[in-house]
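Presented below is the structure to which this report refers.
Here, each number is a calculation from the coordinates, and none is a lab measurement. This structure is a prediction, so every number in the text was calculated from the model and none was measured. Cβ placement follows ideal geometry from the backbone for every residue including glycine, while neighbour counts extend to all protein chains displayed.
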Amino acid sequence: MVEFEAPTRGLAESSSNLMMTRLFDVPARNYARALTLSLAFLTPIFAAIVPAAVSAAPAVNVAECVEFSEQSVNDHDTKITLVSTCEAKLKCTISWQLSCEPGDPGRKEGRTMTLPAGDERSVMMSTRACGDKEWELNDVSWDCVQR
C-alpha cells in the first residue's frame, strides 16, 4: 500500500490565493449597494440627532437681558449702547432716520453687530452729513435675535 501525503502547505497557499481573488473579483456595484443601504439606514438617525443638538440651546428673552441707552457725545454725535446680560450670543440691529431739513423724509441708517453673551457694543449716530443744516434723528430702534 502506498501512502499519500496531502501537501498541506500548497493547499493553504492556494485557498488563501483563492480567497484574495474572490475578494477582488466582487463587482463594484455590490459595494455601491452596500454604501447605498448604509446611507439609507444612517440618514434618518443623523436627521433626528442633528436638529435636536441645534435646538438644545434655550431661547433667550431679549427684552429681559438687553439694555439700550443713548448718550450725546457732542453737537453731531450720539452714542448708542446695547448691554447684554444674556447667556447667548446675539445678532443686533440698530436703525434710525436722519433728516437734514425740516419736512425732509430723510434717510434710513443703521448698523448690524454681534453682541457676545454678557458683553456690550456701541454705535455712533452722526449728523455730520447734514453739515450746518438743521437736522433731526428720528425712529431710533433696535432689535436683537439669538444667533
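Local charge sum around Lys91 (other residues, Cβ-Cβ under 14 Å, Lys/Arg +1, Asp/Glu -1)?
Working: positive: Lys89, Arg111, Arg121, Arg147; negative: Asp119, Asp143.
Net of charged neighbours comes to +2.
Between Ser69 and Lys133, the FRET efficiency estimated from the beta carbon spacing at R0 = 22 angstrom works out to 0.20.
For Asp143 and Glu101, what does the FRET efficiency come to when R0 = 22 Å and r is the distance between their Cβ atoms, rounded to the nearest 0.05? Intermediate values should be presented prior to the final figure.
Values: r = 28 Å, r/R0 = 1.29.
According to the calculation, E is roughly 0.20.
For the peptides 88-94, 116-122, the ranking by packing is 88-94, 116-122, with the highest mean count of neighbouring Cβ atoms within 10 Å listed first.
From the alpha carbon centroid of the range 60-93 to that of the range 103-127 is 9 Å. Taking Cα centre as origin and charging only the Cβ of basic (Lys, Arg, +1) and acidic (Asp, Glu, -1) residues, the dipole magnitude of the range 62-146 rounds to 380 debye. Between Ala117 and Asn61, the distance separating the two model label sites (each 7 Å from Cα on the Cα→Cβ line) works out to 1.8 nm.
Can you tell me the relative contact order of the range 62-146? Whole percent, Cα pairs under 8 Å, sequence separation 6 or more. Kindly include the intermediate steps, with their values, before the conclusion.
On the way: 176 pairs, mean separation 30.7, N = 85.
This gives 36 percent for the range 62-146.
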